[in-house]
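Contents: one structure, followed by commentary.
The values are calculated or read from the model by the stated rules, or taken from the named source; none is laboratory data. These figures come from a predicted structure and were not determined experimentally. FYI the Cβ positions are ideal-geometry reconstructions off the backbone, even for glycines, and counts take in every protein chain you see. Calculation scope for accessible area: heavy atoms of the full protein, side chains included, ligands and nucleic acids excluded. Shrake-Rupley method; radii C 1.70, N 1.55, O 1.52, S 1.80 Å.
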Amino acid sequence: MSAVLNVQGVRKRFGGLEALAGCTFAVEEGSITSLIGPNGSGKTTLFNTVTGFVTPDEGEVSLRGEQIQALSPDRIYDRGLGRTFQQVRIFSRLTVLENVLVATSRSSVIKGLLARTRQSERDRAMDLLNFVNIARLADVPAGSLSFGQKKLLEIATILVGEPKVLLLDEPAGGVNPTMTAQIGEKIRELNQRGITFLVVEHNMEFVMGISHRVVVMARGKVIAEGSPDEVRRDPKVLEAYLGA
Amino acid sequence: MKRNRMGLIALIAVVAAVVYPFVFSSTEATTIVFYALLYVAIASSWNIIGGFTGYISLGHAAFFGLGAYTIALVADHLGIPGGYGLFLVALLGGVVAALFAVPMGFIALRLRTIHSFVIVTIAYLFMFQLLAFNLLGVTNGSSGLAIPQPNWSGAFFNMPFYFAALVLAVLTVLLAYWIRNSRFGLGLLAIRDDEDKAAGVGVDTWKHKFAAYIISAVPIGIAGAIYAYFSSYIYPQTVFDPMIDLTIVLSAFLGGMGTLLGPILGAFILQPAQQLLTFYTGAAGWDLVLFGVLFLVVILLMPSGIVPTIVERTRRARVREAVQKADETVPTPDANPAAGGGPR
Amino acid sequence: MNLVFGSVVLGILSGGIYALMAVGLTLSFGVLEVINIAQGMLVVVGAYLSFALESYWHIDPLLGLLITIPTLFLLGFGIEWAFLRPLKQDRVALSILVTYAVALILEGLMGLWFGDNFVAIHAWYVDAAINVFGLYIADIYLIGFALAIVLLGAVYLLLYRSKFGAALRATVQNREAAVLIGIDVQRISTLTFAIATGLTAAGGMLFGATTAFNANSMLDLISRLLMIIILGGMGSMGGALVASLIMLVSVDVVSVAYTPTWSTFVFFALTVVVMVVRPQGLFGAPPARKV
């Protein structure tokens, strides 16, 4: 197995605060890797850096060998790396189906002006909505969905672009246990189809249940990594959580 | 089925607009609807950037004025007499507006915030007004410019203008309709809801906004030229007029920003209302007060505009039921239709 | 040459007055995230109030501030409470429309009461002048500048030395977070808007004493004030001050050295050029992507 995503010595300062202090790790192709760590350890900043929402001060991020740290979010998405947000983000005034179709509007402006969405794209969008069990809400404004449904919609939206790597920011945050199980199931299913996952999550049961590898961050650095079992036994991890 | 019905209604509306001046042929009757149609075009094209993306331009009157000065200057310098030919020159107003929109859009959209966009666009309007006042050699300053008039007489005089405005309105609404249903339009609407998220799913937000800005300048430029031709004389303060922007925004807003029907409805309510208001209140001052009060009442009572409010009311109950029902079924893992899902 | 130097002095003095008018705009933008289009009109209302007090009851304009500032404070309070607070969704768009509407209503009312004629506020210190390098500068400019410094200083103290100021600055930095740590953002918003409007009364008096005006002056004013806050960087208090000085100095210098006709345009063009190079303005922070 080779690394699909490589983070190498990434640093980012916000004012006097060093959010990332030389962060290095790799995500292996085909894995479900989780990123854990106490609050303020830099997980979300790292996510934002990898996906182009924040430009690192130093260091490299590479996707399959290609450096992406200087690209804008839409370019990074084009290269097969998608993400969800901690606060679920959908286009609330578009319908559920349109939410999924937006991701297909990645053609150039001129082409996009001349082209309508094709039936095949609509079919595919419906397939994705079916996959996350919200197909029957296709024509409803997305803003009126329940929180869990919005999370599922967000995942469906991201899948349109056929990303090879998916970054999920707290997929299990704020949803009920049944929905959490449902989401975990979807992640595993997608992983079996070949999508690599990097997941930030606080729900330890969830993390230990789905991850192949776990990366632990504290104070802007990676302090431990390994299989769920190894990480669980690592004294440094406990220390980081207790010390925080 | 629903689409067919909408198409039928649109067709009836257009036929009604075509028949109207033959039934009500007085100058007053055609003038009022002429202005309403002109504003349908203006508000609908403004809606492409302002309504679809949420980037509210308060400077689109700059394009209106550019179109107006284009027709006046071209007619003057090329010695084109009044007549049907000048309507072709009006099209040039759209071209000029688009040419100016390129650098203007580039600068106004450089900072990715709506606030700074709003202010920069306001500044554009005042800059053009100042230019029109100051470039005496070109614009004749505050003395204004005349546009050659056709020798049509009596009640017929309004007819060509009426139909020019009608054609422009229909084409602009079709343009907006086309964009709304294109992939490009979907990108614009996504920007309105959450610009960064749109970028996150691969929408090139900057190019989308830039293109929308330029496109939206064209019909307004043409409208400005038709207006100038119709009113026969233009001044810096009448064509680079902030009130034009206010009227545009209010029309779009009143009907429902970002909807196709909204600006049409808004223009047809607001234009006649404004004309009557100015006509009956007489004293300058009361019209402003009434206009402002009307404005406030509408915003506070109907913050999303007429069309969305109606749509929302009729569909709310139905949606709520559907969402609840779906929510009940989603969490049960057995109910998963698993489209193309792998083995579990 | 001396004339140019004199115009620089005049520019700095009147720049202080403009800073006083612009700071209201900056405050309400920073705290409420509202572009107050009515600010230009509020300046004119302030000017008309001082004018009315002076010409009907012979109340000295400076003394009259004791009446006009509280009056505009209440007016601002009312506007925020009645029209801005109810806005929940689309605050950016709706607040622009609402404040524009307020401006129109006030413009209409002022026009009805005071007519179209240009008026100016008179007082002995408005009519007396001193000679600065060949340019006569009315005493009111010196008084105005001093008053502006005092009031801006008071705002500074309020912002950086009071509990209210701390809460206000927290709100400017992050509205949501401020709510979370228990700041009554609604109260802060109303008070800020009221204070901003109250300050505008002083700006209005000085404007009316240095410029002939009518209700229609609000358009010219709001366009200048908006350009000032965008050049300075939206929400930046210091930026508003510096940009005011740049504006008035450049306008006055161009007027004296070249022609008054192009003076305003030069400033506008200058600002647009700055926008190309530094879109966030001189002292603004570039917006972060929302994550």
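Before moving on, here are some points about what is shown:
- Using a 1.4 angstrom probe on protein heavy atoms only, the contact between C and B buries about 4100 square angstrom of accessible area, both sides summed.
- Fraction of antiparallel bridges per DSSP, chain A only, in percent to nearest 5: 60 percent
- Along the axis of the charge dipole computed for chain C (Cβ charges of +1 for Lys and Arg, -1 for Asp and Glu, origin at the Cα centre), the listed residues C:ILE37, C:ALA166, C:LEU147 are led at the positive end by C:ALA166.
- Buried accessible area, chains C and A (both chains, 1.4 Å probe, Å² to nearest 100): 500 Å²
- Amide H contacts of B:PHE52: B:GLY258, each under 5 Å away and 5 or more positions distant or on a separate chain (H built 1.01 Å from N in the peptide plane; Pro and chain starts excluded).
- Summing both sides, the accessible surface hidden between A and B at a 1.4 Å probe radius is close to 4400 Å².
- Taking every DSSP beta bridge that has both ends in the protein assembly as shown, the antiparallel portion is near 65%.
- Calculated FRET efficiency, C:ALA166 to C:TRP113, Cβ-Cβ distance, R0 = 51 Å: about 0.80 to the nearest 0.05.
- Protection proxy ranking of B:195-202, B:5-12, by the mean of other Cβ atoms within 10 Å over each peptide's residues and highest first, is B:195-202, B:5-12.
- Cross-link reach is defined here as a Cα-Cα straight distance under 21 Å, omitting same-chain residues fewer than 8 places apart; for A:LYS12 the lysines meeting it are A:LYS43, A:LYS221, C:LYS290.
- DSSP-assigned coil residues among chymotrypsin sites (Phe, Trp or Tyr not before Pro) in segment B:73-106, each with at most 11 further Cβ atoms within 10 Å: B:TYR84
- Working note: Karplus 6.51/-1.76/1.60 with θ = phi - 60° gives segment C:264-281 the couplings 5, 4, 4, 5, 4, 4, 4, 5, 5, 4, 4, 4, 5, 7, 9, x, 8, x Hz, where Gly and Pro are set to x.
- In nm, spacing of pseudo-spin labels at A:LEU17 and C:LEU157 (7 Å Cα→C-beta vector): 3.3 nm
- Theoretical FRET efficiency, 1/(1+(r/R0)^6), r = Cβ-Cβ of A:SER92 and C:ALA128, R0 56 Å, to 0.05: 0.35
- Where Rh is the Kirkwood radius over Cα pairs, Rg/Rh for segment C:17-218: 1.01
- Delta accessible area of at least 50 Å² on complex formation, residues of segment B:105-131, 1.4 Å probe, chain isolated as reference: B:ILE107, B:ARG110, B:LEU111, B:ARG112, B:HIS115, B:ILE119, B:PHE126, B:MET127, B:LEU130
- Working from label points 7 Å from Cα in the Cα-to-Cβ sense, the B:VAL293 to A:GLU205 distance is 6.2 nm.
- Interchain or long-range residues, amide H under 5 Å from B:TYR233's placed H: B:ILE147
- Electrostatic dipole magnitude of the protein assembly as shown [Cβ: Lys, Arg +1; Asp, Glu -1; Cα centre; debye, to 20]: 1900 debye
- Histogram of C-alpha separations across segment B:27-327, 10 Å bin width, %: 6, 26, 34, 22, 8, 2, 1, 0
- Spin-label pair C:VAL4/B:MET6, simplified geometry with 7 Å Cα→Cβ offset, distance in nm: 6.3 nm
- Accessible surface of chain A, 1.4 Å probe, proportion on carbon and sulfur as whole %: 49 percent
- Cα-based helix-to-principal-axis angle, B:205-231 vs chain B, degrees rounded to 10: 30 degrees
- Surface exposure of segment C:17-218, expressed per residue as accessible area with a 1.4 Å probe, stands at 41 Å².
- Minimum 50 Å² accessible area buried by the other protein chains, segment A:79-122 residues, probe 1.4 Å, relative to alone: A:ARG89, A:PHE91, A:ARG93, A:LEU94, A:VAL102, A:SER105, A:VAL109, A:LEU113, A:ARG116
- Rounded Å value of the spacing that divides the Cα centres of segment C:220-249 and segment A:170-187: 50 Å
- Helix B:242-255 and the longest principal axis of the Cα set of chain B meet at an angle near 40°.
- Reducing segment C:2-52 and segment B:96-153 to their Cα centroids gives an inter-centroid distance of 25 Å.
- Panel note: the C-alpha atoms of the protein assembly as shown, placed on their principal axes, show extents of 86, 70, 47 Å (largest first).
- Segment B:27-327, accessible surface, carbon-and-sulfur percent (1.4 angstrom probe): 70 percent
- Accessible area of chain B divided out per residue, in Å², using a probe of 1.4 angstrom: 40 Å²
- Average accessible surface area per residue within chain A, 1.4 Å rolling probe, Å²: 40 Å²
- In order through segment A:169-185: 3J(HN,Hα) via Karplus (6.51 cos²θ - 1.76 cosθ + 1.60), integer Hz, x for Gly, Pro: 9, 6, x, 9, x, x, 10, 6, x, 5, 5, 4, 4, 4, 5, x, 4
- Projecting the Cα atoms of C:GLY76, C:SER55, C:VAL119 onto the dipole axis of segment C:51-147, where Lys and Arg carry +1 and Asp and Glu carry -1 at the beta carbon, places C:GLY76 farthest toward the positive end.
- Surface composition of segment C:83-184: carbon and sulfur make up 64 percent of the accessible area, probe 1.4 Å.
- Using alpha-carbon coordinates, inclination of helix B:306-329 to the longest axis of chain B, degrees: 10 degrees
- Shape class for segment C:94-177, computed from the alpha carbon gyration tensor (a ≥ b ≥ c): oblate, with a/c not under 1.5 and a/b at or below b/c.
- Close amide H pairs (under 5 Å, H built 1.01 Å from N) link A:LEU5 with A:VAL27, A:ARG64, residues at least 5 positions away or on another chain.
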